[in-house]
1. In whole Hz, with x marking every Gly and Pro, tabulate ³J(HN,Hα) for segment 403-408 from phi via Karplus 6.51 cos²θ - 1.76 cosθ + 1.60, θ = phi - 60°.
2. So for the pair Glu121, Glu345, with labels modelled 7 Å out along Cα→Cβ, what separation do we get in nm?
3. Restricting attention to segment 519-607, which trypsin sites (Lys or Arg not before Pro) occupy a DSSP loop and are surrounded by at most 13 other Cβ atoms within 10 Å?
4. Can you compute the charge dipole magnitude of segment 138-210 about its Cα centre, using +1 on each Lys and Arg Cβ and -1 on each Asp and Glu Cβ, nothing else charged? Give it in debye, rounded to the nearest 20.
5. For the pair Arg194/Ser27, report the inter-label distance in nm, with labels modelled 7 Å from Cα in the Cβ direction.
6. Go ahead and collect, in residue order, the members of segment 140-184 whose backbone nitrogen is under 20 Å from a label point 7 Å along the Cα-Cβ direction of Met252.
7. Kirkwood hydrodynamic radius for segment 162-212: how many Å is it when counted over pairs of different Cα atoms?
8. Any idea how far the Cα center of segment 180-218 sits from the one of segment 560-620, in Å?
Amino acid sequence: MTRERVDASDVGEFFWTSTDLMSILDSDGTWKVVNSAWPNSMGWTLEDLQNGPFIDLIHPDDVAATLREFDRLVSLPDATLVEFRNRQRRRDGEYRWIEWSCQGRNGMVFSAGRDITAQVENQSALAASLETKRAILDAVVDSIITVDDNFLVLDVSPGTDRIYGVSKVDRVGQNSRTIVYSDDRIHVASELHRLFKGGDGNLTSYRFRAEHVDGRMLTIETRGRLIRDANGDAPRAVLVSRDVTESVADEMSLKDAKEAAERANKAKSEFMSRMSHELRTPLNSVLGFAQILEMELTSPDALEVVGYIHHSGKYLLELINEVLDISRIEAGHISVMNEPVALRELENECVELVAPQANELGITINSRSSYDVQVLADQQRLKQVLLNLLSNAIKYNRPDGTVTLNCTQEGGRVRLSVTDTGPGINPELRERLFTPFDRLDAESSGIEGTGLGLALSKGLTEAIGGTLGVDSVVGQGSTFWIELPVAEHAKTLSSRARPSLVRQAKSFPTITVLYIEDDVANVQLVERLLLQRPSIRLITALRGVLGVDLAQQYEPSLILLDVHLTDIHGYDVLERLRGDSRTIDIPVVVLSADATTWQQRRFKNAGVDDYLTKPLDLQHLLDVIDRHLFIAGFPLPFAQQELERAPGS
């Protein structure tokens with residue numbers, strides 16, 4: 001058929017310009033006419049198509065169905081409309097979904113097709129998504145329901161049946177509160193009302209009790225979210241509920257156990273405190289008057305009797321102190337303050353204290369090593385432990401025996417050992433060694449003791465971050481050792497020069513330093529410290545925002561900055577200072593109790609000049625202030641040492 005014959009019709013122009021795929025097929029399936037949409041959309045010209053029947057372009061899976069529709073069109077009366085879809089091959093080999101509207105007339109088939117590939121793919125993706133979501137809902141243990149603003153259930157997941165024993169059929173259309181325990185329904189209704197009064201995406205979370213169909217009481221935790229449609233449909237709420245009955249019961253049990261332990265611990269502490277008071281009060285009179293009698297009496301017999309009283313009283317006081325210390329350790333109330341401790345100095349001090357005891361029993365104390373090391377420990381607690389180990393080594397020794405101290409270091413740990421030449425400890429008794437009041441059957445030895453010393457020493461050593469252990473050979477002696485970490489920053493043992501109190505000459509200029517700090521006591525401390533630097537005028541700000549304003553107004557030579565301020569964070573203050581041309585170059589020194597590594601790194605990366613942690617080393621703070629002011633160009637007398645060390649001085 002020629003274009004001229006088609007053009008003769010009133011719809012000719014529409015046929016040729018339409019973006020739909022229009023064609024005329026003969027009854028044998030050969031192409032007679034196609035419009036311009038075919039080469040434009042599918043890549044085929046009429047000459048291409050005339051090389052074979054139309055069925056050659058159909059996807060193999062759609063051939064049979066397409067042929068049935070074509071045969072029906074050829075055989076049906078004229079003007080019968082048939083609609084169907086199939087996949088049509090483009091010239092580049094890609095298949096596209098086409099939706100056809102066809103009519104048979106005079107043994108020919110007139111067709112109009114539209115590309116619906118995107119629509120089909122979207123429908124397939126949606127179907128797959130819905131199937132995935134349905135599979136997820138089926139697998140989720142939680143109950144997921146959708147309710148309207150009247151709290152009626154619109155949809156239910158299978159988890160509802162698993163939790164409550166109620167099927168989907170029995171739940172849909174019912175009020176969602178029917179499964180809620182009667183005493184909790186008002187609470188649930190209040191939460192749902194609040195949810196529906198909010199905007200789209202509003203959330204809620206609440207707990208309630210529910211009754212299972214078998215009569216069990218359940219504790220349910222629910223989270224809900226409101227959904228409003230853009231079309232103006234009624235709002236819905238999606239409620240996700242979980243059975244937390246067991247976890248709540250565990251929480252209650254844990255809470256009860258914790259409260260019981262706290263009550264017991266409190267009762268124990270109160271008992272020990274009262275016992276301390278009740279025992280120490282009469283002991284004060286016993287020991288006090290015993291000492292008075294020892295001063296006043298002259299009769300040897302009377303003095304001997306009073307000596308027994310005095311000695312027994314001191315023994316009882318020692319026992320009370322040890323019991324109280326062990327009680328504090330067990331309760332976790334023992335206070336320690338770890339700092340660098342010079343081990344050699346501590347050893348010498350302890351040896352001097354036990355020397356009279358050793359001399360009385362003919363015991364020689366010596367040291368095998370010369371060392372100069374500092375450990376991280378609480379000095380008073382460590383001294384208490386070392387004195388106890390030395391005292392035991394002297395008491396449980398042979399006549400004219402020796403006590404040897406030895407110190408070794410391996411990596412970051414130091415081991416201080418106390419070795420005696422006593423009878424040693426039987427291996428069967430080792431596990432009882434650190435048990436309070438257990439003297440390892442030494443009651444008949446005639447050696448005084450309470451059986452608390454080693455238990456107390458072990459607890460104190462662990463409290464200060466160390467380890468206490470023992471090595472022993474029967475018949476040769478025992479070695480008790482303390483292992484502690486090396487102090488990373490050793491304490492200077494030599495006396496440090498006191499800060500100069502000399503007033504500066506009036507000829508030197510006044511220097512402004514700004515301190516931004518919200519703690520009045522800290523402000524007063526720095527104010528008192530800087531009295532040693534009369535040329536410095538200190539301006540203080542108790543709030544961060546005010547500090548920024550003062551910095552911009554006075555343009556100080558140095559800014560001291562706290563981190564955790566009451567109004568804004570110190571980091572925000574620093575950003576504002578660095579973002580202003582008037583304050584961008586002013587050195588900033590942070591003074592903070594926050595000693596965390598990440599916080600220090602954060603400020604240093606932002607450009608602070610120094611970060612000092614509280615409690616402050618005041619001499620070090622003065623040195624830092626002097627250094628920054630010297631760098632700024634002030635020839636201050638207190639920076640003279642820096643001046644002398646400067647290049648070219």
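None of the figures in this text is laboratory data; all of them are computed from the coordinates on show. It should be emphasised that the depicted structure is a prediction, and the values quoted were computed from it without experimental measurement. Cβ coordinates were reconstructed from backbone atoms using ideal geometry, including for glycine residues, and neighbour counts include every protein chain displayed.
1. For segment 403-408, the Karplus-derived couplings read 10, 10, 9, 9, 10, 10 Hz, x marking Gly and Pro.
2. Taking the simple label geometry, Glu121 and Glu345 are separated by 8.1 nm.
3. Arg582
4. I would put it at about 220 debye.
5. Each label point lies 7 Å from its Cα, and together they span 7.9 nm.
6. So the set is 164, 180-184.
7. Value: 12.3 Å, from the Cα pair sum.
8. Between the Cα centres of segment 180-218 and segment 560-620 lies a distance of 49 Å.
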